[in-house]
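Here, each number is a calculation from the coordinates, and none is a lab measurement. Just so it is clear, the structure is predicted and the values come from calculations on it, not from any experiment. Here the Cβ is made from the backbone with ideal geometry for all residues, glycine too, and neighbour counts use every protein chain on show.
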Amino acid sequence: MIRVAVLSFASLMALAGASWAEETPRPIRLNQTGFEAQGPKRAILADPSKTPLDWLLLDAGGAAIAKGKTVVFGDDEASGEHVHQIDLSAFHKAGEGYRLKIGAAESRPFAIKAKPDGRLTRAAMSFFYQQRASVPIEARYVERPDLARPAGHAPDKATCFDQADERGQVWPGCDYTLDASRGWYDAGDHGKYVVNGGISVWTLLNAWERAVVLNRAGARAAFGDSALALPEAGNGVPDLLDEVRFELDFLLAMQVPEGKTLQVPVGAQRPADGRLVLTAIDASGMAHQKLADRHWTALPTAPADDKQVRYLHYPTTGATLNLAAVAAQAARLWKDIDPAFSAKCLDAARRAFAAARRHPNIYAIGPFTGSGGYGDGELTDEFYWATAELYATTGEAVYQAALRASPLFLASPTEGARPTGDIGWSSVGALGTITLALVPNGLKPAEIAKARANLVATAGKHLSDDLGQGYGLPYAAPGYPWGSNSSVLNRALVLGLAHDFTGEIAYRHGAVDAMDYVMGRNPLDQSYVTGFGARPMRHPHHRFWAKQADPAYPAPPSGVVSGGPNSTNMSDPVASEMKGKCRPQTCWVDDYRSFTQNEVAINWNAPLVWVSAFIDDTAR
Ligand code: 9MR
């Protein structure tokens, strides 16, 4: 069984076959992986003409098979271009080698696909396997032998940070060591962070839960047992759950043992003299913020070659609520699959939630050299999210009362008494509302309807944003943030749910627009996903997939999404040179040194999986 899954994965990946020969950018931009036969088909031309231009659709033999006129969008803020939009949606015939011709401009050949092939979803899931800590990455589960590697951090055991931090403050440490092996490396670094693990786990589990609750056979099959190339394939458990459990093992291990007193900074401290005031608290049930290296390792460094001492960093309320939320979510998803694991998760979630209520204001205050911060000073959303997950799992009155008391009750990114804002690692309120809208629970039908209506209203606003963008994507922002591709994809997730809840095709079109942007319909003519499209991202900021830095290391596997354009934090050596010279959608370069633009991360690949699976599942 395993062998079959592996062979098919490898051969499909070979077919994914992005050729590694350099392709130059072209003025006609479209999804480089092609279109769906029955789906929307939009392309963009950057051209100064103020009047519509004639376009021709050519077949593989060069014959014109459809024609029309471009729609002049005009000047587009986000790209800095004057753009025309082309809509080929009325053309439905599947085939290869189509080209779009507008005057002298010609697109690369593209395909119209009769049926979704699922390759992107599988490859995007494989990212998580390949980010696994503490186990070897085996050649038989990856697309090229050079991607195999020995286990890193096996085991991943650490005690609490007891050194001087960057401010010179010496931390007291703790009297225990935790074995927090397994889990996924966060990104291009070797850190493992509970906060970012939380949203990543939630997003993947939500993709599964959507398939189960809405009874989507195709989506269940895409994530089912032996659907993916994993050591666990064939064990009778859906592969997506196997992959996520690997991270849950790490998250559960980050919980502070019962009876432990720790010294932590309580409250929003901004120490003027460079020192935090530490207070002894009963930290039982809280979650350590992260497990990370003392210093940043050099790039490249394979996980097994990391010689840095690793530490647990003090527990925070944010990490604790992330653990509470996803352990509660896991408890209901494993209830029938593994009751003992489910019970363990629920117990951890309850203890974490109680600990967060005891200590509601312990924030991750950095910096500590050697790892990222994931510091979040606003935890109303984390409280609401964790409460929603605990309520959906247990139905208990105490959680229902806490939900109703939250200012975020039923809020969506744009709606409610206090809108949650776009989904991201520090903005998780909408995750709670999505769970309440999707998973059968004991709220009043009118409340569940309100949760859905709020999400649908947000999706409507995303569609309005789409209309205002030259490149036709459901995202508008004056500046593109760190990980902007995940912001775009998280909007597509909301659009996807709006389609699920209403059946309205326009929301699905919005999600396809988001994916089209990520896969090449953008001013850089860039597929931001490795191994997919004619101009795929190739040089991520990653300590192992570091061929650009050192040819002895492998190029990245397929299916990994770049953080994407970042016009708001240009602090790395490559980005700092681009300051003032790029527009929000063009502040990006395919260079491993650009950690603000071209890193890859678990919370970015997770919505890629969600949206890719959704699009496959709902294709006609
Ligand atoms: O994704 C994070 C982004 O929102 C922050 O602005 C940035 C700086 O704090 O950190 C990003 O997360 C990084 C993390 O701290 C360490 N691992 C790599 C992550 C992706 O760049």
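What's the extension gain from ALA343 to VAL277 if we count 0.36 nm per residue and subtract their Cα-Cα distance?
This chain segment gains 20.0 nm when fully extended.
Compare the peptides 294-302, 314-322, 564-572 by average per-residue count of other Cβ atoms within 10 angstrom and give them in order, highest first.
Values: 294-302: 16.7, 314-322: 31.1, 564-572: 21.2.
Result, highest mean Cβ count within 10 Å first: 314-322, 564-572, 294-302.
Rounded if a/c is under 1.5, else prolate if a/b is larger than b/c, else oblate: which is region 517-620, with a ≥ b ≥ c the root eigenvalues of its Cα gyration tensor? Please list the in-between numbers first.
Numbers: a/c = 1.97, a/b = 1.29, b/c = 1.52.
Here region 517-620 falls in the oblate category.
Taking the dipole about the Cα centre of the chain, with the C-beta of Lys and Arg at +1 and of Asp and Glu at -1, give me whichever of CYS174, ASN322, PRO27 is farthest to the positive side.
Working it through, the farthest residue towards the positive pole turns out to be PRO27.
Among all cysteines in the chain, which have no other cysteine Cβ under 4.7 Å from their own Cβ?
Result for the chain is CYS345, no neighbouring Cys Cβ within the cutoff.
Counting each pair of different Cα atoms once, what's the Kirkwood radius of region 474-577 in Å, rounded to one decimal?
Values: mean 1/r = 0.0665 Å⁻¹.
The answer is 15.0 Å.
What ranking, highest mean first, results for peptides 494-501, 277-284, 243-250 when packing means the other Cβ atoms within 10 Å averaged over each residue?
Details: 494-501: 24.9, 277-284: 16.1, 243-250: 22.8.
The most tightly packed comes first, giving 494-501, 243-250, 277-284.
Treat each spin label as a single point 7 Å out from the Cα along the C-beta direction, and report the ASP146 to ALA457 distance in nm.
5.3 nm
Going Cα to Cα from LYS581, which aspartates and glutamates come in below 19 Å? Please leave out same-chain ones fewer than 8 positions away.
Candidates past the 8-residue exclusion: ASP75, ASP76, GLU77, GLU81, ASP525, ASP572, ASP590, ASP591.
For region 170-321, report the % of Cα-Cα distances exceeding 21 Å. If you can, show how the numbers build up before the last one.
Details: 6463 of 11476 pairs.
Here the tail beyond 21 Å accounts for 56 percent of pairs.
Please report the spacing between the Cα centers of region 81-118 and region 564-602 in Å, no decimals.
29 Å
Measuring from centroid to centroid over Cα atoms, what is the spacing of region 391-456 and region 209-275 in Å?
If we compute the Cα centre of each part, the gap is 21 Å.
Given a Förster distance of 25 Å, report the FRET efficiency between ARG357 and ALA268 from their Cβ-Cβ distance, rounded to the nearest 0.05. Display every interim value, and only then the final one.
Numbers: r = 18 Å, r/R0 = 0.72.
After rounding to 0.05, the efficiency reads 0.90.
What ranking, highest mean first, results for peptides 382-391, 164-173, 258-267, 218-227 when packing means the other Cβ atoms within 10 Å averaged over each residue? All intermediate terms of the calculation are to be shown ahead of the outcome.
Values: 382-391: 29.4, 164-173: 13.5, 258-267: 16.1, 218-227: 19.8.
Going by the mean number of other Cβ atoms within 10 Å, highest first, we get 382-391, 218-227, 258-267, 164-173.
Which chymotrypsin sites (Phe, Trp or Tyr not before Pro) in region 80-127 sit in a loop by DSSP (not H, G, I, E or B) and have at most 16 other Cβ atoms within 10 Å of their own Cβ?
PHE91
Strictly over 29 Å apart at the Cα level, which of LYS192/LYS547; LYS115/LYS335; LYS192/LYS335 would you flag in this model? Display every interim value, and only then the final one.
Details: LYS192/LYS547 23 Å; LYS115/LYS335 34 Å; LYS192/LYS335 27 Å.
Among LYS192/LYS547; LYS115/LYS335; LYS192/LYS335, the Cα-Cα distance tops 29 Å for LYS115/LYS335.
Could you please report the charge total around GLN597, scoring K, R as +1 and D, E as -1 over all other residues with beta-carbon less than 14 angstrom from its beta-carbon? Walk me through the numbers before you get to the answer.
Values: positive: ARG538, LYS579, LYS581, ARG583, ARG593; negative: ASP572, GLU577, ASP590, ASP591, GLU599.
It works out to a net charge of 0.
Nearest 500 deg cm²/dmol is fine: what mean residue ellipticity at 222 nm does the chain get from its DSSP H runs of n ≥ 4 alone, each adding -39,500 (n - 2.57), divided by its residue count?
On the way: 15 runs with 219 residues, N = 620.
Taken over the chain, the calculation gives -11500 deg cm²/dmol.
Return the ratio Rg/(2.2 N^0.38 Å) for the chain, where Rg is computed over Cα atoms only.
Working: Rg = 23.7 Å, N = 620, 2.2 N^0.38 = 25.3 Å.
Scaled against compact globular proteins, the figure is 0.94.
Cβ under 12 Å from ILE365's Cβ, ILE365 left aside: what net charge do those residues give with Lys, Arg +1 and Asp, Glu -1?
Values: positive: ARG167, ARG270, ARG275; negative: ASP165, GLU166, ASP376.
Summing Lys and Arg as +1 and Asp and Glu as -1 gives 0.
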